[in-house]
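Notes follow once the structure below has been shown.
The values are calculated or read from the model by the stated rules, or taken from the named source; none is laboratory data. Computed from a prediction, not measured in an experiment: that's the story for all the values here. All Cβ positions, glycine included, derive from the backbone under ideal geometry; neighbour counts span all protein chains shown.
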């Protein structure tokens, strides 16, 4: 089987391709595991990674139908659609967000539809689809009420995927991901960038600004669990999801203050003291509209993996980058 | 002030223009009522109506940006966006539904945005945005979960309108309408067409098929109340709606059997016996996914008008066509 990963040069895309190469198989159209022949990584820049015969690297614009047609074929039975313009950037550049997060998602679904082979499409959505007056714990039945253009575009992507699934054009699955922490590398333009930065930079000996108050609730997931959940969601028999194609993946409900406390326990006071509490109203407005927790009973019933506690997440990050 | 009505040749569009001409004013950008200078009726066919100096009739494709630019100007401070491909047709012709219900809605919002004058845009949405496992009475916080392409396209239109509003591109308002009954004229391709047909045809001496079971719950509103609600929604001060731009308008919760009983009470047994109960699984699947009632406390708090009972709705229809 062939696999397409959009956003393949990104952090999750790179983790995913490594996990797929290690795993070697993925559930195919018949419902049985099949060995992976080819993984195509599409991104706006060429993914940088050691040569691997099963991996094809393509640099191209995902909003260009010719590019999408060139990376999809009847042999493509799995698509992981991770490409997106992040929340802060989509808020600043409305048109770019619409083009990549909405138009390209629809184009991808249309190219899958014209193949007529009904590939499995795993789409990553976000806490940002929720907002407004929210219950303490978001339920599966809670209305999507995005308060950012990024969240709006993700919510529309979910609706499109569900309808293309219902029409039999694709086998669609939506992973609503908590905020991923701890990401390695550099800060990005996501409003949630600090949720990795306030752990990563202090561990690297650098100061990091936390733009939200200590009692701001966050809903976090480690990169390892995120990748494991994406693979599990792909391989899940379609009928288990039923007509609700979106799954709220399990997260850890912590406050920004809890994160500082965990960092202090794991790495000591000197490291934790490198967090500077400097509030930024723009970031607070976006992040504050997201839910601090959602009901995970459906995900747990389907045996999705989950993190146990944030101290362990920090320790895993330290081992990972060591 | 100038007003644009899309779907201006349609049933609601025609009622709306008459109501606007009678009313003579509409709340303008300053918040005060202003006299109506011009009403432009855009539709794919030219609206047929007696000459009226304040009304401009345009036949054109709403998915064509040149057409939209020609009917909108800085003087247009109110847009009633009623144009849509109906549910049954959007289900049969997926691409046409996407083009009119999604692409044209977005294009209209983009042309409003490029004007920079932030017109009030009233968009009509539908019971069809709801579906799946629903509570007996849908709440404002109930998740949109459309089970048809029409419902999906309306839900996406709502999300776009909310985000364009939040960004300050338009002053957006969404009217979630119950199924309108009794419509005059001929059956159409809406899955809900029967909800008017089983009253209208028997009153005209014709037999009418009811494609759903007698206990199927419907959520109905008369044309008169629908028009009154659209005008009230337009004139409402923006801050009263707040960040939730969609309003679930009040309806009557009746079963198909209740409708037959009401027809019998108002018009007699001979008329009511012209309803033939012939179930159609395609229609039942779509209509059965819609809510039978929703919580109307928000609409009532904002003093939106409502029908009192279905017998009166039938009587008003009989007077109207007499």
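Quick notes on this structure:
- Selection of region A:72-99 for residues being surrounded by 23 or more Cβ atoms within 10 Å (Cβ to Cβ) and not in a loop (DSSP other than H, G, I, E, B) yields A:78, A:79, A:80, A:81, A:87, A:90, A:97.
- Yes/no for residue A:76 being within 30 Å of residue A:288 (Cα to Cα) and more than 14 Å from chain B (Cβ to nearest Cβ): no
- Here residue A:167 clears all of (1) crowded, with 24+ Cβ neighbours inside 10 Å; (2) at the interface with chain B (Cβ under 8 Å from one of its Cβ atoms) except the condition numbered (1).
- Among the residues of region B:143-156, those that are in contact (Cβ under 8 Å) with a residue 60 or more places away in the chain and more than 16 Å from residue A:246 (Cα to Cα) comprise B:148, B:150, B:151, B:153, B:154.
- Residue, surrounded by the most Cβ atoms within 10 Å (Cβ to Cβ), within region B:1-48, restricted to residues that are assigned to a loop (DSSP other than H, G, I, E, B) and touching a helix residue (DSSP H, G or I) at 6+ places or on another chain (Cβ under 7 Å): B:8
- Screening residue A:176 on (1) crowded, with 22+ Cβ neighbours inside 10 Å; (2) assigned to a helix (DSSP H, G or I); (3) in contact (Cβ under 8 Å) with a residue 40 or more places away in the chain shows it passes everything except condition (2).
- Of all residues in region B:128-146, exactly one satisfies the criterion of being more than 8 Å from every other protein chain (Cβ to nearest Cβ), part of a loop (DSSP other than H, G, I, E, B) and in contact with a helix residue (DSSP H, G or I) (Cβ under 7 Å, 6 or more places away or on another chain), namely B:131.
- Residue B:119 vs. criteria buried (at least 19 other Cβ atoms within 10 Å of the Cβ), more than 18 Å from residue B:251 (Cα to Cα) and away from chain A (no Cβ under 14 Å): yes
- Of the helices (runs of 4 or more DSSP H) lying entirely inside region A:245-322, the ones with 3 or more residues being over 19 Å from the mean Cα position of the chain (by Cα), at pLDDT 95 or above and under 27 Å from residue A:227 (Cβ atoms) are found at A:256-267, A:310-321.
- Selection from region A:216-241 of residues that are part of a helix (DSSP H, G or I) and touching a strand residue (DSSP E or B) at 6+ places or on another chain (Cβ under 7 Å): A:223, A:226, A:229, A:230, A:233, A:234, A:235, A:238, A:241
- Candidate set: region A:49-66, residues that are in contact with a strand residue (DSSP E or B) (Cβ under 8 Å, 6 or more places away or on another chain) and within 14 Å of residue A:6 (Cβ to Cβ); chosen: the one surrounded by the fewest Cβ atoms within 10 Å (Cβ to Cβ): A:59
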